[in-house]
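Undergrad: Dropping the structure in here first, questions after.
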Amino acid sequence: MHDIVLIESFKTNAKSDIIVTAIVEDMTYIPGSQTLIDPPEYAPARCTITVPNDHLPSDIDFIDASEEELQEIINKYVNLDNYDWVINVEDPSDDWPDEPVHSSLFF
């Protein structure tokens, strides 16, 4: 069981599954944090789960549902602790500018 810090979004995919994206506690291992005496440390991470369409009641039509309606469906019918959260791996190159940055610092 993981603690959900913040739910960021609810959306559906082509198979009518509901995809939940959230910040979840204790998901990312912090390298170098473990010593001979200290246990390893973990940090929150952005994660995703997919709730399959067949895990929801068949009489619910959520094809064109808004994000708020999807949230209501998840809160009413799904226990998010029963699913395995998958850490979203973000490309670190997204943080870098397209062109090199040159410094104007001279010594």
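Undergrad: Give segment 8-20 a look and list any residue that's surrounded by fewer than 16 Cβ atoms within 10 Å (Cβ to Cβ), modelled with pLDDT of 90 or more and not small (Gly, Ala, Ser), or say none.
TA: If the condition is that a residue be surrounded by fewer than 16 Cβ atoms within 10 Å (Cβ to Cβ), modelled with pLDDT of 90 or more and not small (Gly, Ala, Ser), then Glu8, Lys11, Ile19 are the ones that fit.
Undergrad: I've got another one for you. Using the structure shown, decide if Val5 is among the β-branched types (Val, Ile, Thr), within 17 Å of Trp85 (Cα to Cα), in contact (Cβ under 8 Å) with a residue 12 or more places away in the chain and surrounded by 17 or more Cβ atoms within 10 Å (Cβ to Cβ).
TA: No.
Undergrad: Next question, about the same structure. Within segment 59-71, is there a residue that is touching a Leu at 6+ places or on another chain (Cβ under 9 Å), surrounded by 13 or more Cβ atoms within 10 Å (Cβ to Cβ) and closer than 16 Å to Ile23 by Cα? Even if it seems obvious, please write down each step before you answer.
TA: Taking segment 59-71 as the starting set, the residues that turn out to be touching a Leu at 6+ places or on another chain (Cβ under 9 Å) are 62.
Checking the rest, the ones that are also surrounded by 13 or more Cβ atoms within 10 Å (Cβ to Cβ) come to 62.
Those still in the list that are closer than 16 Å to Ile23 by Cα too: none.
Checked segment 59-71: no residue is touching a Leu at 6+ places or on another chain (Cβ under 9 Å), surrounded by 13 or more Cβ atoms within 10 Å (Cβ to Cβ) and closer than 16 Å to Ile23 by Cα.
Undergrad: Same structure again: Residues that are in contact with a Pro (Cβ under 6 Å, 6 or more places away or on another chain): which strands (runs of 3 or more DSSP E) entirely in segment 1-58 hold 2 or more of them?
TA: Values: elements: 4-12, 18-29, 42-51.
Hits in segment 1-58: 18-29.
Undergrad: Pull out all pairs, ordered by first then second residue, where Cβ-Cβ is under 7 Å, the residues are six or more apart or on different chains, the first lies in segment 23-35 and is on the phi > 0 side of the Ramachandran plot, and the second is part of a strand (DSSP E or B).
TA: Listed by first residue and then by second, the contacts come to Asp26/Tyr42.
Undergrad: Please work out which one of (1) modelled with pLDDT under 85; (2) touching a strand residue (DSSP E or B) at 6+ places or on another chain (Cβ under 7 Å) is the condition Pro31 fails and give its number.
TA: Looking at each condition in turn, Pro31 falls short on (2).
Undergrad: Please specify each residue of segment 54-87 satisfying the condition of being acidic (Asp, Glu) and free of Cβ contacts under 8 Å to residues at least 12 places away in the same chain. Break it down stepwise before answering.
TA: At the first step, the residues of segment 54-87 found to be acidic (Asp, Glu) are 54, 59, 61, 64, 67-69, 72, 81, 84.
Listed by number, the residues that qualify are Asp54, Asp59, Asp61, Asp64, Glu68, Glu69, Glu72.
The values are calculated or read from the model by the stated rules, or taken from the named source; none is laboratory data. Remember, it's a predicted structure, so these values are computed and weren't measured experimentally. In this analysis, Cβ positions are derived from the backbone assuming ideal geometry, glycine residues included, and neighbour counts consider all displayed protein chains.
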